[in-house]
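Heads up: the structure comes next, in C-alpha cells.
Quick note: the coordinates plus some simple rules give every number you see, no bench work behind them. These figures come from a predicted structure and were not determined experimentally. Here the Cβ positions follow ideal geometry from the backbone for every residue, glycine too, while neighbour counts run over all protein chains shown.
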Amino acid sequence: MKSHFAAAFLATTAAVVAQQAAQPFQLEALLVEKEGAFQKVWIVAGTKTQIRYKETEVAVDTKDARISDFGAVYLYEPKDYTAALDLYQARKYAEAKEAFAKVKDRSKSVAALENSPAVLAAFYEMECMRRLGDLEGLSAALGKFIKDPLTRETQLRQLELYVMWDAVRTKSWDRLEILAKERAGTKLPGDQRAQVAYLHGLALEGLNRPEEALGAYAIAMTADAAATEELAREAAIRTLAIHKADAKVQQAIKVWGTKDENKNSPGYSHLTEAGAVASLFELTLGAGKPLPDEYKSFLKYKPEVVDAAAPSS
C-alpha cells in the first residue's frame, strides 16, 4: 500500500512539473503600493531593482516598474517549485534534485529578485546534493551559486556550513576540526548543530582520535534526528564502527558473562553503549533501514537492569 502511495505521489508531482514547464515562465506576484493598495500581476523578468510584468495572466503587453516604487513585492510560490519541495520534504532527494534544477532553469529570468524561486531552487538543489553525499556536485554548484538574492538567515548559514562539507571532500581534517570548534560555540538550530557535530566527528576520526569522535557523534544522533535522519543514521554507524575496532571492547566481548567480566571497565562501558546504539538504530535511527549485519551482534550486549524495588540480600 505504501509503495502504491509513493508511486502515485511521484507521478502526480511529475505531472505538475511537466505541465508548468511546458508554459512560458511568468511568476504570479502581489505589488503593494506604499499607501496600502495592492495589485496582482505576473512578472516575466526582473533584476535587483526592476520588474517587467503583465497585468493579467493571459495579457500580451508588459509594463516596467522600479521595485523601490512599491512598499513591497510578494512573490507567489510556483507550482513546480512547490512540487519539488514536496519531494524534498518526502526525502526523495534524487527526484527533488532534478525537479529543483528544472525550476532553477525555467525561472532564471527572475533569478535576481529577492528570494526568487530560481535562487531558492538552486539552494535546495545543493541541499539535495549534500543529503545524497554528492560533495563533488555540491562544490561545483556552490562555485556557480549567486547568493545575493537569498536573504533568509538559516539558508545563508547553511551556505557557510558548506565550507565544512568541502573540507570533508578534500579530507582537510585539521581545517575541519577548527571550523567545527568555531561553529560549535555559536547558536544553531538543531539540524545545523547535528551537521556540525557529525562533521566534527569525521574530523576527529580523520585525525585518529576515535574516542573523542564518539562524543561528537552522540550529539549528531540527538540534536535533531527527525530533521537530519541520514546524519543520525551515519553517526550511529560510525559510532558502532569505532566500538567494533576498539581492543577494549573486543576484550569485553570475550569475557562477557564470565567471572572475568568487569562492569567498571571502559571496555564494558563502551560495549553496552554500542548495544544501546544498535538497539536505537533498529527502533528509530535507522529510519526504516536495517542495521548492517556486521553490527547486529551488538544487540545482545545490554547492561544488567537492577530492580530497585527488590530487597537486598
Contact order relative to length for the range 57-145, counting C-alpha pairs under 8 Å separated by 6 or more residues, stands in percent at 22 percent
In nm, the gap between the two label points placed 7 Å beyond Cα toward Cβ at ALA287 and LYS254 is 3.9 nm
Once both label points are put 7 Å beyond Cα along the C-beta direction, the ARG175-GLU114 separation in nm becomes 3.4 nm
Here the FRET efficiency for ALA247 versus ASP105, based on Cβ atoms and R0 = 41 Å and rounded to 0.05, is 0.15
So the FRET efficiency between THR154 and GLU98, C-beta based with R0 = 35 Å and rounded to 0.05, is 0.90
Per GNM of the chain with C-alpha springs under 10 angstrom, the most fluctuating residue out of THR154, THR258, THR222 is THR258
Per GNM of the chain with C-alpha springs under 10 angstrom, the most fluctuating residue out of ALA122, ALA236, ALA65 is ALA65
Residue separation between SER269 and TYR76 times 0.36 nm, minus their alpha-carbon distance, gives in nm 64.0 nm
For THR186 and GLU28, extending 7 Å from Cα along the Cα-Cβ vector and measuring point to point gives, in nm, a value of 3.7 nm
Sorted by chain and then number, the residues having a modelled amide H within less than 5 Å of the amide H of PHE38, at least 5 places away or on another chain, are GLU33
Computed on Cα atoms, the radius of gyration and Dmax of the chain in angstrom are 25.5, 93
So, relative contact order of the chain in percent, Cα under 8 Å, 6 or more apart, is 9 percent
Comparing TYR76, TYR162, TYR53 in a Gaussian network model of the chain (Cα, 10 Å), the one with the largest mean-square fluctuation is TYR76
Expected unfolding gain across VAL58-SER279 under the 0.36 nm per residue rule, minus the alpha-carbon gap, is 73.7 nm
Expressed as a whole-number percentage, the relative contact order of the range 152-303 with C-alpha contacts under 8 angstrom and at least six residues apart is 16 percent
For LYS104, the lysines lying under 16 Å Cα to Cα, once residues fewer than eight places off in the same chain are dropped, come out as LYS79, LYS144, LYS147
